[in-house]
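Accompanying notes for the structure given below.
The values are calculated or read from the model by the stated rules, or taken from the named source; none is laboratory data. All values derive from a computational prediction rather than experimental measurement. Here the Cβ is made from the backbone with ideal geometry for all residues, glycine too, and neighbour counts use every protein chain on show.
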Amino acid sequence: MRIDAITLFPEWLLEIERYGVVGRGLREGRLSLAAWNPRDYTAHPTRRVDDRPYGGGPGMVMQNRPLVATLDAIVAARGDSGRAPVLLMSPQGERFDQRWAERLAAGPGFVLVCGRYEGIDQRFIDRHVDAEISAGDMVLSGGELPAMMIIDAVARLIDGVLGDARSAAEDSFVETILDHPHYTRPPDEADGRVPDVLLSGDHARIARWREKQALGRTWLRRPDLLDRIELDSSQQALLAEFIAEYADCTPRP
Ligand code: SAH
């Protein structure tokens, strides 16, 4: 898996190699990341890559040509012309989610394009971008954080990046419901006690409790996710139990 990113701030994006499990995975070569600065691919004497928008208005627009030249260099370096999708970071794009991460993790890699200023020349988008991806309904000053978000979400799905592959399998969204709560030592603190069941050593009861909490949290926080899946009868029973307990401990008006 090879990831390439086009960005005016390559050093920042590459900081991701220094931290945590994803950093270690990159350093160990389980996947590779290269960052490309369009300023290195412009003929302009001051390495300029932006210009004023046609039609007027505030802000600057990233020019097509330096982006195309950068992409050409990436395609040459990858040697897999036409295979790796080019993904533009854009608030107008499709919302990134775990399904996107899984799809990308199953492929040969991809090229991320980070916009800056008012965005990039539409001609580059029309001719060279396969999909636009959004980090959410907000406007950021550049595509670097969304790109790092994608790199992180994809990298942790690559074999060997997470210490324990089971972690990825049990995360939120993988079964399209949210994760259960987690607790660690010490068992008793001024801020509360770890639920007894987790200390019981009874693995079947623990699994049942976790599934119930996961279903209950999804019901509370993301009911839209429950609409998308079919719960089996034991899950329905667990959720009904959660809802009954929740009603019991929620004060009525
Ligand atoms: N004028 C543009 C926003 C430009 S923000 C518009 O309204 O659509 C500058 C750059 O930041 C964008 O080109 C994009 O690459 C990145 N960006 C900003 N918000 C983003 C978001 N929510 N998701 C992904 N990329 C984003």
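Applying the set (1) of a type in the set (Asp, Glu); (2) closer than 27 Å to residue 2 by Cα; (3) within 15 Å of the ligand (Cβ to nearest atom) to residue 50 leaves exactly one unmet item: (2).
When segment 95-147 is filtered for residues that are touching a residue at least 24 places away in the same chain (Cβ under 8 Å), part of a helix (DSSP H, G or I) and within 13 Å of the ligand (Cβ to nearest atom), the ones remaining, listed by number, are 100, 124, 125, 144, 146, 147.
Of the residues 217, 156, which is of a type in the set (Lys, Arg), assigned by TED's automatic domain parsing to the domain that holds residue 97 and out of contact with any Asp or Glu (no Cβ under 7 Å at 6 or more places or on another chain)?
Going through 217, 156 in turn, just one is of a type in the set (Lys, Arg), assigned by TED's automatic domain parsing to the domain that holds residue 97 and out of contact with any Asp or Glu (no Cβ under 7 Å at 6 or more places or on another chain): 156.
Residues that are among the small types (Gly, Ala, Ser), over 18 Å from the mean Cα position of the chain (by Cα) and more than 16 Å from the ligand (Cβ to nearest atom): does segment 170-190 have at least one? Yes: segment 170-190 contains one or more residues that are among the small types (Gly, Ala, Ser), over 18 Å from the mean Cα position of the chain (by Cα) and more than 16 Å from the ligand (Cβ to nearest atom).
Checking each residue in segment 166-193 for being among the hydrophobic types (A, V, I, L, M, F, W, C), surrounded by 13 or more Cβ atoms within 10 Å (Cβ to Cβ) and part of a helix (DSSP H, G or I) picks out only 168. Quick one: is residue 153 away from the ligand (no atom under 11 Å from the Cβ), without any contact (Cβ under 8 Å) to a residue 60 or more places away in the chain and surrounded by 14 or more Cβ atoms within 10 Å (Cβ to Cβ)? Yes: the conditions hold for residue 153.
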